[in-house]
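The values are calculated or read from the model by the stated rules, or taken from the named source; none is laboratory data. Remember, it's a predicted structure, so these values are computed and weren't measured experimentally. Note that each Cβ is placed from the backbone with ideal geometry, even for glycine, and that neighbours are counted across all protein chains shown. Side chains are part of the model used for accessible areas, which takes the heavy atoms of the whole protein and leaves out ligands, DNA and RNA. Shrake-Rupley method; radii C 1.70, N 1.55, O 1.52, S 1.80 Å.
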Amino acid sequence: MSGYNALAEVYEWLISDAKLAPAEFAASFDDVLGLLPSNAHVLDCACGTGQLAVGLAGLGMHVVATDASEAMVRRTAELSEEFGASVRTVRADWQELPGHFDDDTFDVVFCVGNSLHHAEGTRGRVAALESMSRLLRRGGRLVLTSRTWELVRARGSRLDIKDRLVRRNGRNAVVVYRWDIAPNWEDEHHIEIAIAQVDTAGPVLARSELLSSWPYRYEQLEAELQRVGLQTELSTFTLEAENYMVVANKV
Ligand SMILES: C[S@@+](CC[C@H](N)C(=O)[O-])C[C@H]1O[C@@H](n2cnc3c(N)ncnc32)[C@H](O)[C@@H]1O
């Protein structure tokens, strides 16, 4: 399993401004949400600190939020409480999901914010997608967002120090990504993420985590979605954009 327990504590310094407010994060999926009844059953299966799950619950949807990281699930439960939202939280790896939920349960499954690359290689990724597909009712949709790994790999190994301080909860932090790009697509890659919160009085609070990653090409992802019974309905993939969204329908 990929880490994230140390990063959970400082995760808001890693996410964009647009993802901080639950309602705003949920609204970024308005096109898909517009196709659903307001009481739809929704699973966010890599919920992180819970902003999307809480935003969806705020729209009246029945929301379950799962994540492999205990600390992330705890933060999602705390955020739900803070917003008075009704979100069921479960700690579960993607492959464990069918042990927690019946097949054909959800109208939508979200796997967003660059999560799927943590599934271990082709086999792990297909198993994860298979779990998500099983839980969708026929006609239900998987909504997946991803980095454009073709671009990330083309840049090679590097240290990426963000050129602006990130300010959250009255504290500034420097955010650093170290990309360790393996020679072949199918090899295990690593991403080390470090956050150093700085204080004008001097103290620095640092947190970091080394994460495993197995990138994939877009065309590979499409083929894998098909393999688990999901048909791409909408895709924003282009080789020019850093991120893309795929919406796939359970046929
Ligand atoms: C980059 S974060 C994205 C979180 C959130 N979706 C967002 O958009 O901010 C990736 C998330 O995937 C979770 N994750 C990693 N491996 C996982 C696995 N095998 N099963 C379920 N969740 C996993 C991590 O714990 C982390 O919360």
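Looking at residue 64, is it away from the ligand (no atom under 11 Å from the Cβ), open to solvent by less than 20 Å² (accessible area, probe 1.4 Å) and either among the small types (Gly, Ala, Ser) or in the same structural domain as residue 240 (by TED's automatic domain parsing) (or both)? Spelling it out, residue 64 is indeed away from the ligand (no atom under 11 Å from the Cβ), open to solvent by less than 20 Å² (accessible area, probe 1.4 Å) and either among the small types (Gly, Ala, Ser) or in the same structural domain as residue 240 (by TED's automatic domain parsing) (or both). Residues in the stretch 69-88 that are out of contact with any Gly (no Cβ under 8 Å at 6 or more places or on another chain) and either within 13 Å of the ligand (Cβ to nearest atom) or part of a strand (DSSP E or B) (or both): 70, 71, 73, 74, 88. You will find that of 40, 53, 27, the residue that is under 16 Å from residue 142 (Cα atoms) and surrounded by fewer than 21 Cβ atoms within 10 Å (Cβ to Cβ) is 40 and no other.
Residue 98 satisfies every condition listed in (1) at positive phi; (2) assigned to a helix (DSSP H, G or I) except (1). The combined condition, being of a type outside the set (Ser, Thr, Tyr), more than 30 Å from residue 57 (Cβ to Cβ), in contact (Cβ under 8 Å) with a residue 40 or more places away in the chain and not assigned by TED's automatic domain parsing to the domain that holds residue 35, is not fulfilled by residue 120. Within the stretch 196-235, the set of residues being without any contact (Cβ under 8 Å) to a residue 40 or more places away in the chain and under 17 Å from residue 116 (Cα atoms) comprises 219, 222, 223, 226, 232, 235.
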